[in-house]
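Structure, as structure tokens:
The values are calculated or read from the model by the stated rules, or taken from the named source; none is laboratory data. Owing to the predicted nature of the structure, the values given are computational and were not obtained by experimental measurement. Reconstructed Cβ throughout: ideal geometry from the backbone, glycine too, with neighbour counts over all protein chains shown.
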Amino acid sequence: MTSVARVAVAHADRMVVKVGSSSLTDKPTGLATDRLDALVEAISARRLSGRQVVLVSSGAIAAGLAPLRLRRRPRDLATQQAAASVGQSLLVHAYALSFARYGLTVGQVLLTAEDLIRRSHYRNAQRNLERLLDLGVVPIVNENDAVATAEIRFGDNDRLAALVAHVLHADALVLLSDVDGLYDGDPRRPGAQLVPQVAGADDLAGVQAGRSGSGVGTGGMASKVDAATVATSAGVHVVLASAPNAAAAMAGAQVGTWFTPTGRRLPTRLLWLKHASTPHGRLTLDAGAVAAVVERRLSLLSVGVTAVEGEFEAGDPVDVCDPAGHAVARGLVAYAADELPPLLGRATHDLSDRYRREVIHRDDLVLL
């Protein structure tokens, strides 16, 4: 039965559905077609009802293990890329055949983190996905593991799905897993209780979400909670449920864990900066500068910076910390790490013209 609280999910005109490797594969034989077909049936029913669905699917590397006679997910990047190259075609082919049973066409969209970081790339990805949806196609999105490196990868498709939901202004995000929701402890142990609703950070207090995933995937419950936080902070409803409950989750039924929206949509660049970027260093501020950045939302000037840590170039993300070392904001720094030490504590009018720009402009700052 659909609850009043989940009506927004049930009525979502545009939904992103993410499924993990462990829900699609049958070790050691690769893809489990019965699981894949069951998921496709649920998505097709929603699509044929007139609503749009984007599928973010893991499984390329896992699907490539058996053809390459690999017994487990490789640890080295080159072999991961090779497995993804082999497995991605098998994965999309399986989806194409399954969706064709319902008269639906699929389109493959492979993304790296850079595609949602750089504005020109982000706009291209957005236009492609929007046009596919306009044409009645079911886009199947995956991280481009065949070319992604450790420096530019999302790390798991949960976060990718959250960013795609934001980019496409989706109304809802459904995260499908091999666990039927978020628990307050290890669900394999007696006494662990399902958390039916998360309305904010307070509801996560005491919840233990591990980062270790299955032997064929990269995610864990923590990555799903992180993804839910990203999406809900942008105004997107999120449901975390097990893959067999896909149809019920999309229909707004009382399954899994529902994460309610906590904020409004941020510009995509700032959403990435807050939730998906990796800081390359830290800037420590005095109390006055912290107040200026956090309370008055001003740009960060050199006079308020007391210390610099890390190695970074101009344009890299860095954490902005208070005197106690707590990160209060993150921003794109305008100077390289080796340029900043001579500028620390100095007023802008005391600097040469070359160094009179802000250390971090307020448009490139996001509060944590």
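Pick out the one residue from Arg35, Arg46 that is buried (at least 17 other Cβ atoms within 10 Å of the Cβ), in a helix (DSSP H, G or I), touching an Asp or Glu at 6+ places or on another chain (Cβ under 8 Å) and of a type outside the set (Ser, Thr, Tyr).
Working: Arg46 fails: touching an Asp or Glu at 6+ places or on another chain (Cβ under 8 Å).
Sole residue among the options that is buried (at least 17 other Cβ atoms within 10 Å of the Cβ), in a helix (DSSP H, G or I), touching an Asp or Glu at 6+ places or on another chain (Cβ under 8 Å) and of a type outside the set (Ser, Thr, Tyr): Arg35.
For region 187-206, indicate whether the set of residues that are among the hydrophobic types (A, V, I, L, M, F, W, C), in a loop (DSSP other than H, G, I, E, B), surrounded by fewer than 19 Cβ atoms within 10 Å (Cβ to Cβ) and at pLDDT below 80 is non-empty.
Yes.
Go through region 170-186 and report how many residues are in a loop (DSSP other than H, G, I, E, B) and in contact (Cβ under 8 Å) with a residue 24 or more places away in the chain.
Step one: list which residues in region 170-186 are in a loop (DSSP other than H, G, I, E, B), which gives 170-171, 178-182, 184-186.
Subset that is in contact (Cβ under 8 Å) with a residue 24 or more places away in the chain: 170-171, 178-182, 184, 186.
Of the residues in region 170-186, 9 are in a loop (DSSP other than H, G, I, E, B) and in contact (Cβ under 8 Å) with a residue 24 or more places away in the chain.
Do you know which of the residues in region 75-114 that are part of a helix (DSSP H, G or I), at pLDDT below 90 and in contact with a strand residue (DSSP E or B) (Cβ under 9 Å, 6 or more places away or on another chain) is nearest to Ala38 (Cα to Cα)?
Checking each candidate, the answer is Ala84.
Does Val308 satisfy the criteria of being among the aliphatic types (A, V, I, L, M), in contact with a His (Cβ under 9 Å, 6 or more places away or on another chain), outside any helix (DSSP H, G or I) and buried (at least 21 other Cβ atoms within 10 Å of the Cβ)?
Details: among the aliphatic types (A, V, I, L, M): yes; in contact with a His (Cβ under 9 Å, 6 or more places away or on another chain): no; outside any helix (DSSP H, G or I): yes; buried (at least 21 other Cβ atoms within 10 Å of the Cβ): yes.
In short, no.
Return only the number of the condition from (1) free of Cβ contacts under 8 Å to residues at least 40 places away in the same chain; (2) among the β-branched types (Val, Ile, Thr); (3) surrounded by fewer than 15 Cβ atoms within 10 Å (Cβ to Cβ) that Thr348 does not satisfy.
All conditions are met except number (1).
If I filter region 316-331 for residues that are in contact with a His (Cβ under 7 Å, 6 or more places away or on another chain), outside the structural domain of Leu240 (by TED's automatic domain parsing) and aliphatic (A, V, I, L, M), do I get at least one hit?
Of region 316-331, the ones in contact with a His (Cβ under 7 Å, 6 or more places away or on another chain) are 316-318.
Okay, now just the ones that are also outside the structural domain of Leu240 (by TED's automatic domain parsing), so 316-318.
Now restrict to residues that are aliphatic (A, V, I, L, M): 318.
Yes, there is a match, as at least one residue in region 316-331 is in contact with a His (Cβ under 7 Å, 6 or more places away or on another chain), outside the structural domain of Leu240 (by TED's automatic domain parsing) and aliphatic (A, V, I, L, M).
Could you tell me which residue of region 245-265 is surrounded by the fewest Cβ atoms within 10 Å (Cβ to Cβ), considering only residues that are free of Cβ contacts under 8 Å to residues at least 60 places away in the same chain and in contact with a Ser or Thr (Cβ under 8 Å, 6 or more places away or on another chain)?
Let us first name the residues in region 245-265 that are free of Cβ contacts under 8 Å to residues at least 60 places away in the same chain, namely 248, 261, 263-264.
Subset that is in contact with a Ser or Thr (Cβ under 8 Å, 6 or more places away or on another chain): 261, 263.
Values: Pro261: 17, Gly263: 11.
Checked region 245-265; the qualifying residue surrounded by the fewest Cβ atoms within 10 Å (Cβ to Cβ) is Gly263.
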